[in-house]
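K.L.:
The structure follows.
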Amino acid sequence: MKRCLLGLVCLFFFIQSFAQTLESDRLALVAFYEATGGNNWYDNNGWIVPGNPGDNPCGWRGVTCEGGRVTSLILEEEDIVAPIPAAVGNLTALKHLDLSGPGGEILYFYGDLPVELGNLANLEYLDLSGNQLTGVNVSVINNLTKLKHLSLTPYLNWPALPSLANLVNLEYLRLAVEDAAMQGEGSVGAIPAYIGNFTKLKTLIMRHGGVTGTIPSSLGGLTDLEVLDLSENQLTGAIPASFNNLTKLTKLDLSNNNLNGPVPNILGIPVAADVRINNNAFTFSGMETNISRLDSYGNQEKFKLTAIIPLRTVNNLRTARALGGMLIADFAGGTAANNTYKWYKSGVLVATTVGIQYFNTADGIYRVEVTNSLVPGLTMVSEDYVLVGMPVTLISFDGKLENNQAKLTWKTASETNNKGFEIERSADARTFEMIGFVDGSGDTKEDQFYHFTDLNPSTTSYYRLKQLDHDGQFEYSKVITVKSDAVILTVYPNPAQDYLTISGISQKQPFSVVDGNGRVMLKKLVTNSERIDIRKLEAGRYVVKVGEDAKVLVINR
């Protein structure tokens with residue numbers, strides 16, 4: 001009898017303790033609701049507030065319980081405009097907390113993190129991304145040593161990444177600003193070396209995070225990594241050679257940074273992985289041997305030409321002015337024998353060489369475009385190089401349409417014996433006629449600015465300048481195009497399946513379809529409203545180029 005009575009007493013105290021613990025969780029949820037303006041939530045979906053003692057919160061929207069405690073809170077409520085309440089720290093049995101917001105200009109949670117967040121010692125999953133939280137109190141997250149998943153969005157007043165060195169159990173770490181409206185709002189600074197100790201990491205995303213400095217080689221020791229995304233930051237330096245150890249990667253995105261140097265051996269990365277290094281400052285160096293691993297590598301920064309200019313004697317003084325010289329495109333990288341060099345003077349192609357990276361020049365404004373037979377998706381483009389000494393150094397020549405008039409502007413850096421400029425117009429870029437004249441400045445070393453207005457431009461007009469010296473010598477500028485706003489290039493249907501139609505062109509134009517790697521998949525001349533067969537192209541995203549216009553095309557099947 002005593003034994004039975006003792007058992008009933010123990011059961012009573014167990015039930016009372018159980019109820020009190022769940023009751024404290026309920027009260028924490030009620031406080032959370034009230035602090036975030038829960039009465040304005042779009043749909044509270046079963047949250048009973050204020051409720052009565054003993055009400056069971058398990059089953060409220062986003063609330064999950066285990067063992068008589070609230071262990072998961074997933075709140076998907078876009079009508080919240082409030083700081084994260086301190087009451088969340090009273091849910092001490094939480095394992096999963098998702099307060100992620102919609103991002104952009106739509107407020108969700110804002111302000112400082114509550115220090116009480118550090119009380120959630122059992123937490124394994126924490127997602128606070130998409131909010132507008134400052135970096136104040138972010139260091140309390142370092143107390144949550146059981147975390148396996150952490151996602152944050154840097155925002156205003158975000159300091160350099162505080163120490164998270166205790167989070168050695170992390171399998172997923174995301175510090176990113178995905179929404180364009182919030183980019184640049186916060187910064188995590190340099191990648192801390194201690195991340196190299198997170199040996200359980202499978203996903204590391206620091207996209208749009210304001211990450212600076214170089215990539216630490218210790219990241220190559222995270223051999224369980226499957227996703228590594230460091231894109232759209234301000235990273236500099238080279239890709240660490242240790243990345244060759246990342247044999248489980250499915251995605252490596254280093255695009256849109258300032259990375260440079262030769263691409264190291266990354267053949268240890270699986271062929272099936274999506275590897276992106278586009279929009280950096282790489283050259284062909286290293287790409288040739290790693291091309292089987294590179295999925296996107298185009299649009300690299302312009303490189304500098306090297307010039308060797310012969311000296312001449314003028315009044316017993318040596319000067320580098322006047323006689324042209326040799327330009328060398330050695331900074332394009334790669335094996336010269338695999339490279340084709342196209343040399344342009346004032347925008348006009350003047351020479352093409354294969355395997356020869358130098359070009360003997362006269363005075364002018366030059367650039368070179370370099371392609372590589374083993375790296376088909378990249379064209380390296382040099383910065384303009386001005387060899388002075390020509391009678392007129394034309395720096396720019398531009399045109400735009402305003403109020404159905406073509407406004408032409410141009411700039412010179414120096415002039416010698418310059419009589420002036422004839423303005424010539426063409427409807428087909430082949431036959432030109434003079435439509436005006438602007439006086440030159442004779443002899444000057446100062447920048448000069450000129451303008452001319454064509455009152456009656458065609459739908460599409462081509463213009464060039466004919467610079468005249470007082471002694472009868474002349475030189476042509478590059479040809480520019482000015483199009484009427486009334487002409488609208490249309491590519492339809494878009495998305496497309498089997499056929500495509502181009503409209504809005506006045507005459508036959510070159511047409512091409514380019515894939516995401518810069519490869520030309522289809523090329524021909526087209527006329528207005530011509531039907532084009534695209535059945536041989538795979539589904540995906542492409543760029544359609546018609547003349548000088550470009551449109552994005554999606555093929556769905």
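The values are calculated or read from the model by the stated rules, or taken from the named source; none is laboratory data. All of these numbers come straight from a predicted model, not from anything done at the bench. Cβ sites come from the backbone with ideal geometry, for glycine too, and all protein chains shown count toward neighbours. When the accessible area is computed, the model is the full protein with side chains, heavy atoms only, and any ligands, DNA or RNA have been set aside. Shrake-Rupley method; radii C 1.70, N 1.55, O 1.52, S 1.80 Å.
K.L.:
Cut-off under 16 Å on the C-alpha distance; same-chain residues fewer than 8 positions from residue 200 excluded. Which aspartates and glutamates are left, in chain and number order?
P.N.:
124, 171, 224, 226
K.L.:
Using only the alpha-carbon atoms of the chain, report the extent along each of the three principal axes, biggest first, to the nearest angstrom.
P.N.:
The Cα atoms of the chain stretch 126, 51, 50 Å along the principal axes, largest first.
K.L.:
Quick one: pull the percent of accessible area on the chain belonging to carbon and sulfur, 1.4 Å probe, ligands and nucleic acids left out. Don't jump to the answer; show the numbers that get you there.
P.N.:
On the way: 13540 of 26840 Å².
Result for the chain: 50 percent of the exposed heavy-atom area is carbon or sulfur.
K.L.:
Can you show me the helix-derived [θ] at 222 nm for the chain, built from DSSP H runs with n ≥ 4 at -39,500 (n - 2.57) apiece and divided by the number of residues, rounded to the nearest 500.
P.N.:
The helix contribution divided over the chain gives -2500 deg cm²/dmol.
K.L.:
Which entries of 419/445; 302/445; 508/536; 95/251; 400/483; 400/545 show an alpha-carbon separation above 18 angstrom in the structure shown? The partial results should precede the final answer.
P.N.:
Values: 419/445 15 Å; 302/445 27 Å; 508/536 23 Å; 95/251 28 Å; 400/483 8 Å; 400/545 20 Å.
Distance filter (> 18 Å) returns 302/445; 508/536; 95/251; 400/545.
K.L.:
Accessible surface of residue 452 in the full protein assembly, 1.4 angstrom probe, to the nearest 10 Å²?
P.N.:
It works out to around 40 Å².
K.L.:
Turning to a different aspect of this structure: Angle between the Cα long axis of helix 2-35 and the longest principal axis of the chain, 0 to 90 degrees, nearest 10?
P.N.:
Tilt of helix 2-35: around 30 degrees.
K.L.:
How many Å² of accessible area per residue for the chain, probe 1.4 Å? Display every interim value, and only then the final one.
P.N.:
Numbers: 26840 Å² over 557 residues.
With all protein chains present, the chain gives 48 Å² per residue.
K.L.:
Say R0 is 35 Å: what FRET efficiency, to the nearest 0.05, do residue 145 and residue 236 get from their beta-carbon distance? If you can, show how the numbers build up before the last one.
P.N.:
Values: r = 33 Å, r/R0 = 0.94.
For residue 145 and residue 236, the calculated efficiency is 0.60.
K.L.:
I want the antiparallel fraction of DSSP beta bridges within the chain, as a percent rounded to 5.
P.N.:
Around 70 percent of the beta bridges assigned by DSSP in the chain are antiparallel ones.
K.L.:
What do you get for Rg/Rh over the stretch 445-555 if you use C-alpha atoms and the Kirkwood form of Rh?
P.N.:
Over the Cα atoms of the stretch 445-555, Rg/Rh equals 1.14.
K.L.:
Could you put 545, 523 in order of accessible surface area, largest first, with the 1.4 Å probe and the full protein assembly present?
P.N.:
Reading off the accessible areas and sorting them downward yields 523, 545.
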